[in-house]
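Asks: The following block contains the structure, expressed as structure tokens.
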Amino acid sequence: MKNNGQITVFLSLVLISLLGLFLAAVEITGIYMNRARVAEAARGASLHIQAEYQSQIFDRYHLLLLDKSYMGYGEGMLEERVSDYMDYTLSGYGFAVEDACLTDVRTVVADDCYDLKKQIEEYMTLYLETKALETISEDLAYDNADAEEVAEEIRNGKSEETEQESNWQGEDPRKLLEQELGIGLLQLVLPSGKSVSQTKVSMQDVPSTACGKENVQESMDTSFSDIDRLEAELGKVRGTGKSELGTDINGILYAMECFKNVMDAEQDNCVFQCEVEYLIAGKDNDYDNLTCVVNQIILHRLPVNMAVLLSDAEKMAEISSMAATLALVPGITYGAAKYLLAACFSYGETILEIRTLLAGGKIPLLKKAADWKLDLAHIGNLTSVEPTSGQTEKGLDYEAFLMLLLAEKNNRMYYRMCDLIQLNTALVQDGFLITNCVDAFTIDIDITKGKRSYATSVSAVY
């Protein structure tokens, strides 16, 4: 009997232990199931919030961004929607949502617009092959060799004197050009009947203000009276190499696709008509933006034209005759007068090239003497020279020059993209700020069931 009693006690203890283990296993399994249920619900909540992306920006600019202000309702509205989603999903299982908080948000302008660049690259990859990008980069590579060579020639020849006698009589071509420019640079280059707005746009709170003032040569001296200044200006002209174009080629092509320029038809809900020009110049009105772009093209093209002119013996003989007469005035050498006149006529030729570009035509990247359009006698009547319109097989058009100029902007271009997205979206959503748009975020959620807490965090990125 004693042995039977001991066996009963032993079996009872074993049974109790097994029952305890079973109940512990059930409890642990329940905890893990609850954690899995909460984690899955949290993941669903993050996807639910990601689905609230700014649809207007996606439709127009192909960017997935979450407006954390939720169209002006405030960040608390998104957190409330997370709480509502979690409550709807988990309340049937006995859970209670204590708190939901949006943290670690990464805005689209953070880290020099890193997330903007990433989304642009992903979008453009859908349409462009790497080989095509390399071809575009190679076609548009533009160096400043002409500017360096011309500056060097001026440096070596500006003190040149001559004993040449000149029979030339006439008005100083530089004064004639100055009179032409008096009507306005854009009036000389825009097609007849075409105009751009001078209305100023409020640039308050735009992201590009964080970049500070841009230090760039916006135009050159058109009096052509100071040979040292001309030499210095030509020395500052920089080229755009394949490496620079390759680095930002996705952003450049994206800008040309998603933002319009002066050659495009006007669109609704746009604060600027010249959007790509704004990406380059950053001015507060279309007129100044287009003027700046035209001046930038002049800075790039004038050395090319001047190199062609200096190699043309016939035209230089005519210029030398003028220079010999102008050098009779005290304070200017024959060499200085010659190069200043050559720059003046090259400027006029460049004006004609830009008229051709804005008329929809192309100009040769590598120019020859046979491509020269300006008769030196017409320097005072540039509008009488008809631009070359229509498309040719070879050469660069206006949009190609826009791409070249965009390549020089680097990060500033992306900040100005954000400016335009903000300004245009604010036309249909009052008070919209691109700095409220995020590409990545974390949701911290505090959930309880009974006395047990199931706090969790879930991260999301577009």
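The values are calculated or read from the model by the stated rules, or taken from the named source; none is laboratory data. None of these values were measured; they are calculated from a predicted model. Every residue, glycine among them, receives a Cβ derived from its backbone with ideal geometry; neighbour counts consider all protein chains shown. Just so you know, the surface numbers come from the protein's heavy atoms only, side chains and all, with ligands and any DNA or RNA stripped out. Shrake-Rupley method; radii C 1.70, N 1.55, O 1.52, S 1.80 Å.
A quick yes/no check of all residues on (1) modelled with pLDDT of 90 or more; (2) within 27 Å of the chain's Cα centre (by Cα); (3) surrounded by fewer than 24 Cβ atoms within 10 Å (Cβ to Cβ):
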residue: ASN295; (1), (2), (3): yes, yes, yes
residue: VAL304; (1), (2), (3): yes, yes, no
residue: ALA327; (1), (2), (3): no, no, yes
residue: LEU341; (1), (2), (3): yes, no, no
residue: GLU349; (1), (2), (3): yes, no, no
residue: LEU358; (1), (2), (3): yes, yes, yes
residue: LYS367; (1), (2), (3): no, no, yes
residue: GLY380; (1), (2), (3): no, no, yes
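Asks: Further question on the same structure: Would you confirm, using the coordinates I've provided, whether ILE421 is β-branched (Val, Ile, Thr) and modelled with pLDDT of 95 or more?
Replies: yes
Asks: Okay, moving on. Filter region 230-251 down to the residues that are of a type outside the set (Lys, Arg), modelled with pLDDT under 90 and closer than 29 Å to LYS118 by Cβ and list them by number.
Replies: Listed by number, the residues that qualify are GLY239, THR240, GLY241, SER243, GLU244, LEU245, GLY246, THR247, ASP248, ILE249, ASN250.
Residue by residue, here is whether (1) in a strand (DSSP E or B); (2) touching a Ser or Thr at 6+ places or on another chain (Cβ under 9 Å); (3) crowded, with 22+ Cβ neighbours inside 10 Å holds:
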position: MET413; (1), (2), (3): no, no, yes
position: ARG416; (1), (2), (3): no, yes, yes
position: ASP419; (1), (2), (3): no, yes, yes
position: GLN429; (1), (2), (3): no, no, no
position: ALA440; (1), (2), (3): yes, yes, no
position: ASP444; (1), (2), (3): yes, yes, no
position: THR448; (1), (2), (3): yes, no, no
position: SER457; (1), (2), (3): yes, yes, no
position: ALA460; (1), (2), (3): yes, yes, no
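Asks: Further, regarding this structure: Working only within region 70-99, note down all residues that are surrounded by 15 or more Cβ atoms within 10 Å (Cβ to Cβ), in contact with a Lys or Arg (Cβ under 9 Å, 6 or more places away or on another chain) and of a type in the set (A, V, I, L, M).
Replies: LEU78, LEU90
Asks: While we're here: Would it be correct to say that LEU365 is in a loop (DSSP other than H, G, I, E, B) and touching a helix residue (DSSP H, G or I) at 6+ places or on another chain (Cβ under 8 Å)?
Replies: no
Asks: Can you tell me how many residues within region 163-222 are open to solvent by 50 Å² or more (accessible area, probe 1.4 Å), in contact with a helix residue (DSSP H, G or I) (Cβ under 8 Å, 6 or more places away or on another chain), assigned to a loop (DSSP other than H, G, I, E, B) and of a type in the set (A, V, I, L, M, F, W, C)?
Replies: Residues flagged as open to solvent by 50 Å² or more (accessible area, probe 1.4 Å), in contact with a helix residue (DSSP H, G or I) (Cβ under 8 Å, 6 or more places away or on another chain), assigned to a loop (DSSP other than H, G, I, E, B) and of a type in the set (A, V, I, L, M, F, W, C) within region 163-222 amount to 1.
Asks: Next question, about the same structure. Among the candidates ALA25, ALA39, which residue alone is surrounded by fewer than 16 Cβ atoms within 10 Å (Cβ to Cβ), over 19 Å from ARG106 (Cβ atoms) and in contact with a strand residue (DSSP E or B) (Cβ under 8 Å, 6 or more places away or on another chain)?
Replies: Just one listed residue meets the conditions, ALA39.
Asks: Being farther than 17 Å from LYS368 by Cα and at pLDDT 85 or above is the filter; apply it to region 383-399 and report the residue that is most open to solvent (accessible area, probe 1.4 Å).
Replies: Checking each candidate, the answer is GLU399.
Asks: Now, a different point. Which count do you get for residues in region 155-193 that are of a type in the set (Lys, Arg) and modelled with pLDDT of 90 or more?
Replies: So the count comes out to 2.
Asks: Of all residues in region 258-291, which are part of a helix (DSSP H, G or I) and either open to solvent by less than 20 Å² (accessible area, probe 1.4 Å) or touching a His at 6+ places or on another chain (Cβ under 9 Å) (or both)?
Replies: Listed by number, the residues that qualify are CYS258, GLU275, VAL276, GLU277, TYR278, LEU279, ILE280, ALA281, ASP286, ASN289, LEU290.
Asks: Would you check which residues across region 282-315 are polar (S, T, N, Q) and within 19 Å of GLY235 (Cβ to Cβ) and list them?
Replies: Of everything in region 282-315, those that are polar (S, T, N, Q) and within 19 Å of GLY235 (Cβ to Cβ) turn out to be ASN295, GLN296, ASN305.
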